[in-house]
Every structure is written in C-alpha cells, then in structure tokens.
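The values are calculated or read from the model by the stated rules, or taken from the named source; none is laboratory data. Nothing here was measured: the structure is a model prediction, and the numbers come from that model. We place every Cβ from the backbone using ideal geometry, glycine too, and count neighbours over all the protein chains shown. Accessible surface is based on the protein model in full, side chains and every heavy atom, while ligands, DNA and RNA are left aside. Shrake-Rupley method; radii C 1.70, N 1.55, O 1.52, S 1.80 Å.
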Amino acid sequence: TTTTSASKTNEASTTADKSSQITMLYFPIAGRGELIRLIAAAGGVDLKVEMHEDWKKRSIDAGFFGSLPVLTHGDFKLCQSAACERYIANIAPKFKDLTAKQRAVDNMYAMTKEDIVAGCAKVMFGDDKIKAEAKTTVPALLDKFLGPLEKMVPDKGFVNGLAYPTVADLALLNVVTMMTPVGVVIKMAGGYDFKKFPK
C-alpha cells in the first residue's frame, strides 16, 4: 500500500510539473547560466529566464544562499548550476533515452566547464596582482582542460556518438563562445588561440 501510494504521488507530481512553467532566475550573461539555457534549447525544454533587481532576496527567500542561478518548476525549487543543468537534462524529451554512461560523460564535460569558469572568475574578480598575471595564468588554465578534452573529442560527430548534440557538446560550445567570464579574461590575457585544439 505504501509503495502504491508513493507511486501515485510521484505520478501526480510529474503531471503537475509537466504543466508548470520552468523558470530560471539569472543574469543576462553566459556565466553559470548559459549551459542551462543551451541544454533546455537542445533538449526540448521550455525555459523562461528572468532577472529581478531583488534577485538576492528571492534566492534567500527560496531557502538558498543568495546566489544564482535559481530554477523553479511548479513547487520545486533548485539552486547550484550543476544541479540545474542535470535537472533540465534529465527532464529533456530529446535526452530521455540516454544511457547512464552517456549521462556520466555529459556530466564530466559539464563539470570541466565549471572548473574553467571558476578559474576564469578568479582572474576576472581578482586583485591587481592576479589580473597582471593573466597573460600567463589564463592560457595555462585553458590548456590544462582543453588539451585533455581535445584527446577525448571524436574526430567527427558528437561526443556521445549520437545524431544530435548532448550536454557534453553544449558544454564545449559554451566554453569557446562565452564572453563572461572566459572571453573577458582572454582579453585581459591578450588573446588565446583556440585553433590549437581544432576538434
């Protein structure tokens, strides 16, 4: 009886979620929100992105840490970019048939993106000494992660070998096209040659 009741509750919750708008509270920059946007777009999830002047209060009122992104889906609320990325990927119709291994690969690439963003953010928001060292530290940071990724990426096609991109491909797109913070610190460093990693 308990199992049946729990199952019915889960089904009801899923039905309610499907009819609810999914909203992300985030700044109008790439940062830690862009991959969530990309996953939603490629995965077939209708995601509405909002920004409010009282964003910090809204995050804290939701029971979180006063930082973004914050995701809302019906009565469900979620923070932390990696968790939001995985949630959108898990409910995306386009990605419903992915295997556990394919999802693990996707998560590996997404978390590598997080490492790159975190490293670049330290430079972008660092003191004068850190910013002065950008010409050395930024290329070294990008080489550290893009070098191994270059070896993992297939010569042709998408990372998981499917006919369409998944989170791994979107994470790579995110890294090489985002302005904030990656593009900003590349400018601070005097440029960076992505062509050395052609794949």
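Please work out which one of (1) within 22 Å of residue 183 (Cα to Cα); (2) modelled with pLDDT under 95; (3) in a helix (DSSP H, G or I) is the condition residue 68 fails and give its number.
That leaves (3) as the condition not met.
For segment 52-78, enumerate the residues that are of a type outside the set (Val, Ile, Thr), open to solvent by less than 20 Å² (accessible area, probe 1.4 Å) and closer than 18 Å to residue 20 by Cβ.
Once the filter is applied, which keeps residues that are of a type outside the set (Val, Ile, Thr), open to solvent by less than 20 Å² (accessible area, probe 1.4 Å) and closer than 18 Å to residue 20 by Cβ, segment 52-78 yields 69, 71, 73.
Do we find a residue being under 30 Å from residue 46 (Cα atoms) and either open to solvent by less than 40 Å² (accessible area, probe 1.4 Å) or among the aromatic types (Phe, Trp, Tyr) (or both) anywhere in segment 121-132?
Yes, segment 121-132 has at least one match.
Quick check on residue 195: is it in a helix (DSSP H, G or I) and either open to solvent by less than 60 Å² (accessible area, probe 1.4 Å) or at pLDDT 95 or above (or both)?
In short, no.
Please find, among 125, 95, the residue that is under 18 Å from the mean Cα position of the chain (by Cα) and aromatic (Phe, Trp, Tyr).
95
Can you report the number of residues in segment 79-114 which are touching a helix residue (DSSP H, G or I) at 6+ places or on another chain (Cβ under 6 Å), open to solvent by 30 Å² or more (accessible area, probe 1.4 Å) and closer than 25 Å to residue 186 by Cα?
0
Residues that are under 23 Å from residue 92 (Cα atoms): find the helices (runs of 4 or more DSSP H) completely inside segment 107-182 holding 3 or more of those.
The qualifying helices (runs of 4 or more DSSP H) are 167-177.
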